[in-house]
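A short write-up of the structure that comes next.
No value in this document is a laboratory result; all are computed from the given coordinates. Just so you know, these numbers come straight off a predicted model, no measurement behind them. When we count neighbours, we look across all protein chains shown, and the Cβ atoms used for this are built from the backbone with ideal geometry, even at glycine.
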Amino acid sequence: MKNWLQENTWEEAKELIAKSKGVAIIPIGSIEQHARHLPVGTDSYVAITLAEAGALETNALIVPPMWFGWSPHHMVLPGTITIRPEVLVEYLFDVIKSLSAHGIDKFVLINGHRIVNIIWMQIAAEKAQRELDVVIKIFDPAYMSKDIVDTLGFGPVGHAEEVETSHMIYRYEDLVHMDKAVDNPIKATNLYSVDPNYSHDTLCYVPSTFKTAKAHAEEFGGVTGSPTKASKDKGEIYHKHLVKNLVSIIQELQKD
């Protein structure tokens, strides 16, 4: 896809920046265990496919993805790579600073790694807006699908559950192994929920301890939720809803 920065020469990149009207998309994910049925790159693939769909309709420039995120709670299983959040903040800031020097002044950060990435992304975004005079929007699928998750019958946000699995079946079916999917239903906990759609009183999220994560991994293979309820049709509706919102945000930025 020609909107990817890395696939172009510097002269072509200059033209892409002009066509984008100063808007760049940065897909940000993680490399971490996603149970036995999804690839360790799931979070990054989610951000990448949304970025490509959004750019296709808007001519926004897509920056090479940040494949790694903050994943200390998934180090219990092989394949996970976790980067310290303070390193990620500076890394993302430098990416934005470099692009701002070439005429990009509006950024959409697509987060594929749920609420764990959001904390350090917010810190980097605030610093960039304050120091570089740029505009930054953080686009997170869990927050951007609150209007439809109940309609689709999705359960609470977990890990490698029916939401992520449905999306991956729709966009990357060849990477999904549904024959290995097992359920670990999310149990209600007094005054606590990870799900952004949860409407009652709750404590804030803190990544699990190694001990807790290990116990879940040994019993259920790293899944939290019910991936066996996933479907390609639901994944398509979910994906298109997200893309519609993403396109709307990019087009608003391009007006300025």
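Would you work out which of Ser98, Tyr45, Leu191 lies farthest towards the positive end of the dipole of the chain? Charges go on Cβ: Lys and Arg +1, Asp and Glu -1.
Value computed over the given set: Leu191.
Nearest 10 degrees is fine. How inclined is helix 232-255 to the longest principal axis of the chain, computing both from alpha carbons?
Helix 232-255 sits roughly 30 degrees off the main axis of the chain.
Going 7 Å from the Cα of Lys232 in the Cα-to-Cβ direction, what parts of region 169-200 have a backbone nitrogen less than 16 Å from that spot?
Under cut-off, by backbone N: 169-179.
How far is helix 210-220 tilted, in degrees, relative to the longest principal axis of the Cα atoms in the chain, given as a value from 0 to 90 rounded to the nearest 10?
Its long axis makes an angle of about 70 degrees.
For n ≥ 4 DSSP H runs only, could you compute -39500 (n - 2.57) per run for the chain, divide by its residues and tell me the 222 nm figure to the nearest 500?
Helix-only estimate at 222 nm: -14000 deg cm²/dmol.
I'd like to know which of Thr209, Gly112, Tyr170 lies farthest towards the positive end of the charge dipole of the chain, counting +1 on Cβ of Lys and Arg and -1 on Cβ of Asp and Glu.
Sorting the options by dipole projection puts first Thr209.
Could you tell me the center-to-center distance, by alpha carbons, between region 174-214 and region 237-253 in angstrom?
After rounding, the separation between the Cα centres reads 26 Å.
Could you give the dipole magnitude of the chain about its Cα centre, charging the beta-carbon of Lys and Arg +1 and that of Asp and Glu -1, in debye to the nearest 20? Spell out each step's value before the answer.
Working: 24 positive and 33 negative charges, 24 e Å.
The dipole magnitude comes to about 120 debye.
Report ³J(HN,Hα) in whole Hz for each residue of region 83-100, in order, from the Karplus equation J = 6.51 cos²θ - 1.76 cosθ + 1.60 where θ = phi - 60°; Gly and Pro get x.
Those phi angles translate into 10, 4, x, 5, 6, 4, 4, 5, 4, 5, 4, 5, 4, 5, 4, 4, 5, 5 Hz.
Can you give me the C-alpha center-to-center distance between region 100-148 and region 24-61, rounded to a whole angstrom?
Taking the Cα centre of region 24-61 as reference, the centre of region 100-148 is 14 Å away.
Please give the charge dipole size of region 160-256, origin at the Cα centre, charges +1 on K and R Cβ atoms and -1 on D and E Cβ atoms. Round to the nearest 20 debye.
Dipole of region 160-256, to the nearest 20 debye: 80 debye.
Note the full-extension length gain between Ala215 and Lys180 as 0.36 nm times their separation in residues minus their Cα-Cα distance, in nm to one decimal.
On the way: separation 35, 0.36 × 35 = 12.60 nm, distance 1.90 nm.
Extra length from Ala215 to Lys180 when fully extended: 10.7 nm.
Would you mind working out the magnitude of the charge dipole of region 129-215 relative to its Cα centre, with +1 at each Lys and Arg C-beta and -1 at each Asp and Glu C-beta, to the nearest 20 Debye? If you can, show how the numbers build up before the last one.
Values: 8 positive and 14 negative charges, 75 e Å.
Taking the Cα centre of region 129-215 as origin, the dipole is about 360 debye.
Counting only DSSP beta bridges with both residues in the chain, tell me the antiparallel percent, nearest 5.
Approximately 25 percent, going by the DSSP bridge assignments.
Counting DSSP beta bridges with both partners in region 1-130, what percentage is antiparallel, nearest 5?
Expressed as a percentage, antiparallel bridges in region 1-130 total about 15.
Over the chain, what is the mean sequence separation of C-alpha contacts under 8 Å (at least six apart), divided by residue count, expressed as relative contact order in percent?
Normalised by residue count, the contact order of the chain is 23 percent.
How about Lys21: which lysines have a C-alpha closer than 18 Å to its C-alpha, ignoring those fewer than 8 places off in the same chain?
Leaving aside lysines fewer than 8 places away in the same chain, those within reach of Lys21 are Lys2, Lys97, Lys106, Lys137, Lys255.
Pairing the Cα long axis of helix 42-58 with the longest principal axis of the chain, what angle in degrees results, from 0 to 90 and rounded to the nearest 10?
Approximately 40 degrees, to the nearest ten.
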